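Structure first, commentary second.
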2 protein chains.
Amino acid sequence: MNDIDKQIANIIQADGKASSAEIANHVGISVSSANERVRKLKSIGAITQWRGVLNPSAFGVELLVFIFVDMSYEGEYEATCALTECPEVQEIHHISGPHSYLLKVRVKNTVALQEFINTSVKPLKAVVKTETLMVLDTSKETTEIDLGHLNKGG
Amino acid sequence: MNDIDKQIANIIQADGKASSAEIANHVGISVSSANERVRKLKSIGAITQWRGVLNPSAFGVELLVFIFVDMSYEGEYEATCALTECPEVQEIHHISGPHSYLLKVRVKNTVALQEFINTSVKPLKAVVKTETLMVLDTSKETTEIDLGHLNKGG
DNA sequence: GGTGAAAGAAGATAACG
DNA sequence: CGTTATCTTCTTTCACC
């Protein structure tokens, strides 16, 4: 994992459709070498997947919310497993602070949100309390990580 | 935008490397038709981009945090613009409730977090207060949206 | 909208320097 | 690690239903 690998990863995380030729040109190596590096980055789990990103509202999914979920220790594992299975749940984070978990959830509308909370969250044994934050507007949303100055702070 | 389009979008959001032939097979149309539908989904903005997803820890980015940012109205726009430019910031959501904004931020470690808050957040005029939630563990993280039962709740 | 065929581009593999 | 050659696969385009 040297600087060229990071450059390649950076290209791919910005454009999943970048061809091997484009990658090779940008980092200044041959196509076959670029191919080999991408293969290796994938095999060691540095690049985990390729995805198309959809515009939720184009599919009628208009609501984005974050939900704090407070859980008791008993049944915690089962609860997170159940939540993982919910297609509306995009992210599940175990967090520090007064709340146990933070969920990122996308649903069609408030009716669907109500239904999700009532049928998929509240029935879980471990769930003690929930607190929902409605997102009014999202000005940035990317999966890109900062590979620009990895020496920062370390 | 019919059912076949949604099926195609669903395949692509799960696997950005799915070939036209694979897509065509799965939805039961010809390769050229599948291609045309993908082109159209892209042109109408239903599919916004293709991305490779990196494993942050493979690149030394070990910390994920959510930061509540309270802002005054004055300078709010400039502040969000400035935050948008920060590579550490993956998401910026304007939210309801006592806090103004919720940021999703990835940095190398606590030192980098400290530096980010001190140099990129606190100096912004509109920023009144911040509250940082540390993520201890992430059990699910995807960009996929639920296209399975779009009639839910509507 | 959909199909199938053909030409061009890109990917994967292997031998060699 | 780069080059070249080869094989395979995907994409794009076009004429046609």
* Asked: Does segment A:41-48 include one or more residues that are surrounded by 15 or more Cβ atoms within 10 Å (Cβ to Cβ), more than 9 Å from DNA strand D (Cβ to nearest atom) and more than 7 Å from every other protein chain (Cβ to nearest Cβ)?
  -> yes
* **Residue ID - farthest from A:I67 (Cα to Cα), chosen from residues in segment B:130-149 that are part of a strand (DSSP E or B) and more than 7 Å from chain A (Cβ to nearest Cβ)** => B:T130
* Structure fact -> Within segment B:11-41, the count of residues that are over 28 Å from A:I47 (Cα atoms) and not in a helix (DSSP H, G or I) comes to 3
* Output the qualifying pairs, or none if there are none: Cβ atoms under 7 angstrom, residues six or more apart or on different chains, first residue in segment A:88-110 and at the interface with chain B (Cβ under 7 Å from one of its Cβ atoms) and part of a loop (DSSP other than H, G, I, E, B), second residue buried (at least 23 other Cβ atoms within 10 Å of the Cβ) and among the aliphatic types (A, V, I, L, M). => A:E88/A:V105; A:E88/A:V107
* Assuming A:K125 fulfils every condition listed in (1) crowded, with 19+ Cβ neighbours inside 10 Å; (2) more than 9 Å from chain B (Cβ to nearest Cβ) apart from one, which condition is it? -> (1)
* To do: Scan segment B:47-75 residue by residue and report those that are outside any strand (DSSP E or B) and without any contact (Cβ under 8 Å) to a residue 40 or more places away in the chain.
  => B:N55, B:S57, B:A58, B:F59
* If the Cβ limit is 7 Å and pairs must be 6+ apart or interchain, which residue in segment A:33-45 that is in contact (Cβ under 8 Å) with a residue 12 or more places away in the chain and under 16 Å from B:V53 (Cβ atoms) pairs with which residue that is more than 11 Å from DNA strand C (Cβ to nearest atom) and among the acidic types (D, E)? -> A:L41/A:D5
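Just so you know, all these numbers are worked out from the coordinates, no wet-lab data involved. Small disclaimer: the values here were computed from a predicted structure and weren't measured. Neighbour counts run over all protein chains shown; Cβ positions are idealised from the backbone, glycine included.
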